[in-house]
Amino acid sequence: AKVSISLLCRFNHSYAHITIPTLNLSIFAYRQPLQALAEEFRKAYQDAMAVGDIDWAVVSIGQVTNLGIFAPERGRNLGHVHHEFFHNLQELSMYNHVLFSIYAYHLREALSNLRYDESSGRVSATLAGVGDPPTVHFTEDQNHMVSVCAGKNLRNSLRKIYCNRMWLAYLYRRHDLAAECAIKHQEFAAGNPIYVAIDTIVETFYLGLVAFAILRERLRLGDSSFDGEQWTKISADVIKTISRWNEEDSSWNFQNKIDLLNAEQAFTSGDYTRALAMYESSIGNAGKHGFINELALACERLALFHHSIGNTIEAQTHLMLSEQHYRTWGATRKADDVHHLIQSMSSYYVASNRRAIFKDQ
């Protein structure tokens, strides 16, 4: 960030298409509302294209996409992200830039898990009421992209591939798969401290969530062979890091995240009163600060908390809210996953009530 500011001053803004994105990729991502950065990257993209700097044009438009998924601007959803990126894809396709191919891969991977392809004709489970629940899946060319990145020694790209897989697996409650991807991601992150701030925020947040989910799941199963020390350390490090960002940089970006992590920590340790308060705080702050994606996630996680302690009505109420928020975000496939979860819980509660009645009789 300091180098970028020096360049701006020294060359009278001649390299603004480089220095502005660098500032947004570093310090601004921590200290300004993330949603505000998208328009800055759009301008940097146009400036880079105007001077023929394709490398920085690709970097800028890739970050617009990144922000569109993880920090959606108000009034925009994943459909807008898809259309904007592929509009730019047409403009940049003639350059056959490897980094843009990687960005396109990441976007396809995320969107194919979050929403249905508009051309597929897929009918939402809410309307159809049938079919198997959606789950996480990875595209057929995933191994090819890993090979491409490994062949070019693009360790940061491999790091992002496994981060994407980690948070997508977590989103669909595939916690074991998320943990596998987290471990692989950690291998590429080790010894590689220079990384895009936006991606650092995402991977840190979801790494903590995965750690708590794995700890709670293995403890519930009574897995005596499970060594929880690694995941306990990860969860503690994540809470320490995001707490610092929240206190020193921007509560707008981090308050709802640290609230959700604290809720998961309290849930895992059995402090249900604190867990409930932190879940509700995360929901409130995510809504207030415009993180519709994390609002949906917090509602879903609060619902799972209520389900685990037998609060039937609260669990279903928050799942319905979660489904609604996922649809507002444009994550129709993930919303169908939550819809199936509502149906599954309803069936479970009906069966439980019947067993209780028969037992009384």
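The values are calculated or read from the model by the stated rules, or taken from the named source; none is laboratory data. Given the structure is predicted, the values throughout are model-derived calculations rather than measurements. A quick note on method: Cβ atoms are made from the backbone with ideal geometry, for glycine too, and the neighbour counts reach across all protein chains shown. For accessibility, only protein heavy atoms count, side chains too; no ligands or nucleic acids. Shrake-Rupley method; radii C 1.70, N 1.55, O 1.52, S 1.80 Å.
Quick notes on this structure:
- Between helix 16-25 and the chain: long-axis angle, C-alpha atoms, 0 to 90°, nearest 10: 20
- Taken per residue, the accessible surface of the chain reaches 46 Å², heavy atoms only and a 1.4 Å probe.
- The share of accessible area on the chain that comes from carbon and sulfur is 54 percent, using a 1.4 angstrom probe.
- Neighbourhood charge, 13 Å Cβ-Cβ cut-off, centred on PHE100 and excluding it, Lys, Arg +1 and Asp, Glu -1: -1
- Shape of the stretch 132-195, Cα gyration tensor, a/c cut at 1.5: oblate
- Cα gyration tensor, the stretch 217-361 - rounded (a/c under 1.5), prolate or oblate: oblate
- Acute angle (nearest 10 degrees) that the helix 155-171 long axis makes with the longest principal axis of the chain, alpha-carbon atoms: 30
- In the chain, Cα pairs under 8 Å separated by at least six residues give a relative contact order of 16 percent.
- Distance (nanometres) between label positions extended 7 Å along Cα→Cβ at THR232 and ILE183: 1.9
- Given a 1.4 Å probe and the protein chains as shown, HIS185 ends up with an accessible area of around 0 Å².
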